[in-house]
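Trainee: Take a look at this one; I'll ask things after.
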Amino acid sequence: MKNSKNKLSHNNFILSNLQNLNVNDMILLLNPNSQGGNTGKNWAETYNKVHDFLPKAHKIIFTKKANDGMFITRKLLRKGYKNIVAVGGDGTINEIANGFFDLESDNKQTKDYRKFKPVPRLKPINPKATIYVIPSGSRNVLAKSLGLQHQGTESLMRIRHMKRRKIDVIVAIITDRDNPSLTHNRIVLNAAEIGVGAEIIDRSKKVRGKIKSRFVSTMASIVATLPAYNSNECDIVIDKHKKISSKMTMGIVANGPFLGGSFKAAPRAKFSDGLLDIIILKNSGSFKMIDKLIELKGTSTYKYEDILYYQASEVIFLPKERDVTVSVDGEPIGILPALFKIHHNALTIKSEAPSPRI
């Protein structure tokens, strides 16, 4: 397409130029580093293919660093924009979804769970706003949980025909790793992982600075993490009244059914049922645990006594021994203690219609 590169450069505008736009314009917010950098590297070619499928009134912004998606989205929504297209992997889409809400980023925390206060009500910055979900990452676990069949270019080509729906979101309050006197509020779209799963994600992120292949970095992190990982004694408080004290190797707090690696860890999870799905893998040796992870094939109940499955509206994890890592939608965020609370149908999304299996 003629002059596509010029159009691309003009559309890569800065926020100070927002006054020149119409609030009804569609804003495509892209992470050029997603999919191992291929989203940015191939964007001119992608734009040539999808331009005619996009609404005429659209503009493009590239994120540059962590949390840009959240901060840019908040600024856009406060200026009245309401059609925000999230193009990237699970972490990018999570950042942009966080930008839809007026959440305080930092809070004082306490290990006394009776004083660990959840966010009572989510405040949308622009109640009329919609997030368009365009998966363009290496794993796209959220897309798998939502039942989406296409990603990247193929997904953008279908943007005019996407269906609107409301989904639940989880609000997590997670302790800061470097300063345990602080907690961070974070929206969770698909799932939070606690313990060994989060440790593998954290190590994989660090390894990927040296090894670009996600598969190789993930496998290297699994091999390095599992043999030495120790389960942690935790108190888990469900809906404020049910208390479980147990050694925990891994915890999962899910809104959608899938985790990375296509594990259908939360088979009963639905995005609009008003419930958290809580999976607790109790104390087990690392190699025995691998067998159990392989067996997470998605039956409605687990046959193992040391895998617990609950549905609830709120859960708190309190460690008794050591720091336990927490990741949110594939990104390491902090450590326990952490609280998770579901907020029913709090976010309006547009995406292609789910596949018949969902």
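The values are calculated or read from the model by the stated rules, or taken from the named source; none is laboratory data. Since this is a predicted model, take the numbers as computed values, not measurements. Neighbour counts run over all protein chains shown; Cβ positions are idealised from the backbone, glycine included. Surface areas here come from the heavy atoms of the whole protein model, side chains and all, with no ligands, DNA or RNA. Shrake-Rupley method; radii C 1.70, N 1.55, O 1.52, S 1.80 Å.
Trainee: Residues that are open to solvent by less than 10 Å² (accessible area, probe 1.4 Å) and modelled with pLDDT of 95 or more: does region 194-216 have at least one?
Mentor: Looking for residues that are open to solvent by less than 10 Å² (accessible area, probe 1.4 Å) and modelled with pLDDT of 95 or more, one finds none in region 194-216, hence no.
Trainee: Quick one: P135 ticks every box in (1) of a type outside the set (V, I, T); (2) within 26 Å of I335 (Cα to Cα); (3) under 14 Å from the mean Cα position of the chain (by Cα) bar one, so which box is it?
Mentor: (2)
Trainee: Of all residues in region 144-175, how many are open to solvent by less than 30 Å² (accessible area, probe 1.4 Å) and either acidic (D, E) or free of Cβ contacts under 8 Å to residues at least 40 places away in the same chain (or both)?
Mentor: 1
Trainee: Out of R164, R158, report the one residue that is over 21 Å from R78 (Cα atoms) and touching a His at 6+ places or on another chain (Cβ under 7 Å).
Mentor: Step by step, each of R164, R158 is checked, and only R158 is over 21 Å from R78 (Cα atoms) and touching a His at 6+ places or on another chain (Cβ under 7 Å).
Trainee: Another one. Is it the case that G99 is open to solvent by less than 60 Å² (accessible area, probe 1.4 Å) and at pLDDT below 95? Let's see the steps before the verdict.
Mentor: Details: open to solvent by less than 60 Å² (accessible area, probe 1.4 Å): yes; at pLDDT below 95: no.
Considered against the rule, which asks whether it is open to solvent by less than 60 Å² (accessible area, probe 1.4 Å) and at pLDDT below 95, G99 comes out as no.
Trainee: Same structure, new question: Only one of these is crowded, with 16+ Cβ neighbours inside 10 Å, at pLDDT 90 or above and more than 30 Å from Q35 (Cα to Cα): I236, I307. Name it.
Mentor: I236
Trainee: Could you please find all residues in region 44-70 being in contact (Cβ under 8 Å) with a residue 60 or more places away in the chain and open to solvent by less than 60 Å² (accessible area, probe 1.4 Å)? Please lay out each step first, then the result.
Mentor: Going residue by residue through region 44-70, those that are in contact (Cβ under 8 Å) with a residue 60 or more places away in the chain are 46, 49-50, 53-55.
Within region 44-70, T46, V50, L54, P55 qualify.
Trainee: Another question, if that's okay. Could you tell me whether region 6-19 includes any residue that is of a type in the set (F, W, Y) and modelled with pLDDT of 90 or more?
Mentor: No, region 6-19 has no match at all.
Trainee: Of the conditions (1) within 20 Å of G89 (Cα to Cα); (2) more than 19 Å from the chain's Cα centre (by Cα); (3) of a type in the set (K, R), R160 clears all except one; give me its number.
Mentor: Single failed check for R160: (1).
Trainee: Given (1) among the aliphatic types (A, V, I, L, M); (2) modelled with pLDDT of 90 or more; (3) over 24 Å from the mean Cα position of the chain (by Cα), identify the lone condition not met by A228.
Mentor: (2)
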